[in-house]
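Asks: Here it is: the structure, laid out below.
The values are calculated or read from the model by the stated rules, or taken from the named source; none is laboratory data. Because the structure is a prediction, the values reported are computed rather than measured. For neighbour counting, all protein chains shown are included, and Cβ atoms are generated from backbone atoms with ideal geometry for every residue, glycine included. These area figures cover heavy atoms from the full protein model, side chains too; ligands, DNA and RNA do not enter into them. Shrake-Rupley method; radii C 1.70, N 1.55, O 1.52, S 1.80 Å.
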Amino acid sequence: MIDVQNVSLTLGGRSVLRDISLTLSERRIAIVGSNGSGKSSFARLLNGLHLPTDGQVLVDGLNSRSDGRKIRQSVGFVFQNPDNQIVFPIVEEDVAYGLKNHGLSPAEREAKVQNILQRYDLIGLRHQPSHTLSGGQKQLLAISGVLVMEPRYIVFDEPTTLLDLRNKLKVQQAIASLSQTAIVVTHDLDLVSDFDRVIVFDEGRVVADDHPDTALRRYIEAMQDA
Ligand SMILES: Nc1ncnc2c1ncn2[C@@H]1O[C@H](COP(=O)(O)OP(=O)(O)O)[C@@H](O)[C@H]1O
Ligand SMILES: [Mg+2]
């Protein structure tokens, strides 16, 4: 469970999130809202990439202020642009890298890498330069690099925004098949229609928090009024 308690966040002198309290325990949670409403900043708080200015973030009881390293192990993060996440020139190296200091034998490491690459249809590309992959394949590679670490929670920040429909559907399917808890920041309302919970942000505040149909209706109405 991720517990966000009375969290405010100020960045560069600007109030970005204001007094947010949320307990995140559902398996599929979406974060939606206009550009600049604070979604990415909120997502980054969940794994300690940002620390709250006030309040606290607890992940299974660990405080992001004091246990950042452990929290980053249990909360994986997938960025919008896979080019910012893929660091190694060859596909398999990128997936294997995170496992380097995990005390695994080469055979154990290979088994995990192979398993993940197979799962996302990347096995045939394992020796290819990462930059030759399509946008969708790159995003699946970025997800693979996170999943191979076996985090309990995965935060996605607009994982399908840069993708065409075909690749979007692939990533959507990848998210749907995860056994982990997924917290997904997105503008893609189709993606979240079967989620357990949708949280709507506006100007750094939570303005709706409900089942998808109710939350999305309120979100769409608010946008039409604006
Ligand atoms: N490092 C920063 N310094 C100052 N302002 C920031 C910083 N990061 C984000 N902001 C501001 O915080 C607000 C929320 O940004 P962000 O969380 O990226 O929103 P969203 O992801 O919903 O588009 C925006 O007004 C943005 O300009
Ligand atoms: Mg954002």
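Asks: Applying the selection to segment 181-196, what residues are open to solvent by 30 Å² or more (accessible area, probe 1.4 Å) and either in contact (Cβ under 8 Å) with a residue 40 or more places away in the chain or within 15 Å of ligand 2 (Cβ to nearest atom) (or both)?
Replies: Once the filter is applied, which keeps residues that are open to solvent by 30 Å² or more (accessible area, probe 1.4 Å) and either in contact (Cβ under 8 Å) with a residue 40 or more places away in the chain or within 15 Å of ligand 2 (Cβ to nearest atom) (or both), segment 181-196 yields His187, Leu189, Asp194, Asp196.
Asks: Would you mind stating whether Ser37 is within 12 Å of ligand 1 (Cβ to nearest atom) and assigned to a loop (DSSP other than H, G, I, E, B)?
Replies: Criteria met by Ser37.
Asks: Would you mention how many residues in segment 76-127 are open to solvent by 50 Å² or more (accessible area, probe 1.4 Å), within 20 Å of the chain's Cα centre (by Cα) and charged (D, E, K, R)?
Replies: Total meeting the criteria: 2.
Asks: For segment 13-34, what are the residues that are assigned to a loop (DSSP other than H, G, I, E, B), open to solvent by less than 60 Å² (accessible area, probe 1.4 Å) and near ligand 1 (Cβ under 9 Å from one of its atoms)?
Replies: Residue satisfying the conditions is Ser34 alone.
Asks: Looking only at residues that are open to solvent by 30 Å² or more (accessible area, probe 1.4 Å) and not in a helix (DSSP H, G or I) in segment 40-54, which one is nearest to ligand 1 (Cβ to nearest atom)?
Replies: His50
Asks: Between a residue in segment 64-92 that is in contact (Cβ under 8 Å) with a residue 60 or more places away in the chain and any residue that is of a type in the set (Asp, Glu), which pairs come within a Cβ distance under 6 Å, given they are 6 or more apart or on different chains?
Replies: Phe79/Asp157; Gln80/Asp157; Gln80/Glu158
Asks: Within segment 166-173, identify whether any single residue is part of a loop (DSSP other than H, G, I, E, B) and surrounded by fewer than 20 Cβ atoms within 10 Å (Cβ to Cβ), and answer yes or no.
Replies: Within segment 166-173, not a single residue is part of a loop (DSSP other than H, G, I, E, B) and surrounded by fewer than 20 Cβ atoms within 10 Å (Cβ to Cβ).
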